1. Filter the stretch 109-124 for residues that are part of a strand (DSSP E or B) and farther than 22 Å from T11 by Cβ and give the result.
2. Specify which of the listed residues (E81, E67) is among the charged types (D, E, K, R) and surrounded by 16 or more Cβ atoms within 10 Å (Cβ to Cβ).
3. Check every one of the strands (runs of 3 or more DSSP E) wholly within the stretch 163-239 and list those with 2 or more residues that are free of Cβ contacts under 8 Å to residues at least 60 places away in the same chain and crowded, with 23+ Cβ neighbours inside 10 Å.
4. Could you check the stretch 78-108 and list, in sequence order, the residues that are in a helix (DSSP H, G or I), within 12 Å of the chain's Cα centre (by Cα) and over 20 Å from L231 (Cα atoms)?
5. Whether any residue in the stretch 135-154 is in contact with a Pro (Cβ under 9 Å, 6 or more places away or on another chain) and aliphatic (A, V, I, L, M) is what I want to check.
6. Of the numbered conditions (1) in a helix (DSSP H, G or I); (2) farther than 16 Å from L10 by Cα; (3) at pLDDT 95 or above, R148 satisfies every one except a single condition; which is it?
7. Given (1) under 24 Å from I36 (Cβ atoms); (2) in contact with a Leu (Cβ under 8 Å, 6 or more places away or on another chain), identify the lone condition not met by A187.
Amino acid sequence: MTLLRNIVILTGAGISAESGIPTFRAADGLWHEHKIEEVASPQGFAANPALVHKFYNQRRQHLLTPEVKPNLAHFALAKLEREFQGQVMLITQNIDDLHERAGSRQLIHMHGELLKIRCTQCGMVTQITDSITEESICQQCKAPGSLRPDIVWFGETPMHMTDIEEALLAADLFVAIGTSGNVYPAAGFYQLAASAGAETLEINLESTGSNFGEVRIGSASQVVSQWVEELISDSGNIK
């Protein structure tokens, strides 16, 4: 591998599955009791805000249980950020805070964060660990019933896309971890980075048949850790 200066990494549900967070597609996954549009769309929220709040309250409390914690893959990516001589930009599709808990700081949540709420009236975003309801009041504008999860739902535009596109165009290496390389946004990110000359690497539990230049198969905790150690062992890439 040539000397790298800018690495952009996209993580998906697969990296958090080993930490006890259900994926979308598993038989007991996030949607097994609900239709997606009921709990993850603006229309669903407008039709039944109580159900949507209950769904995200449950997910928030699950995230905060002692059993849910970063795994080796999260810690490996935080180590890469600390020890790599160039730039590491981490983009996650996940709404959990496991990357932050592991120590990652150069991080973009493109789908929002479970531990944040947003006021639909004044736009204020605040941290939250408690449950909220359709009667909850915004602490800034005092509007009742105006709070929603600060989550990108189906049909909404992902966050920070300009920053993400700029990072991809400047990347020497684009890595997708725990997300299908053939499905957007990973497919679009791959296309943009590859068109700008970046090397590409996919790390997944099973083959997706993607066009990435290199594919490594196995559990995220094992494969990501090994890849990071290989990368930072290169004396030219250690501070």
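1. I117, R118, C119
2. E81
3. Passing ranges, in order: 199-204.
4. If the condition is that a residue be in a helix (DSSP H, G or I), within 12 Å of the chain's Cα centre (by Cα) and over 20 Å from L231 (Cα atoms), then L98, E100 are the ones that fit.
5. The answer is yes, given that some residue of the stretch 135-154 is in contact with a Pro (Cβ under 9 Å, 6 or more places away or on another chain) and aliphatic (A, V, I, L, M).
6. Against the list (1) in a helix (DSSP H, G or I); (2) farther than 16 Å from L10 by Cα; (3) at pLDDT 95 or above, R148 comes up short only on (1).
7. (2)
The values are calculated or read from the model by the stated rules, or taken from the named source; none is laboratory data. Predicted model, so just to flag it, every value in this text is computed and none were measured. FYI the Cβ positions are ideal-geometry reconstructions off the backbone, even for glycines, and counts take in every protein chain you see.
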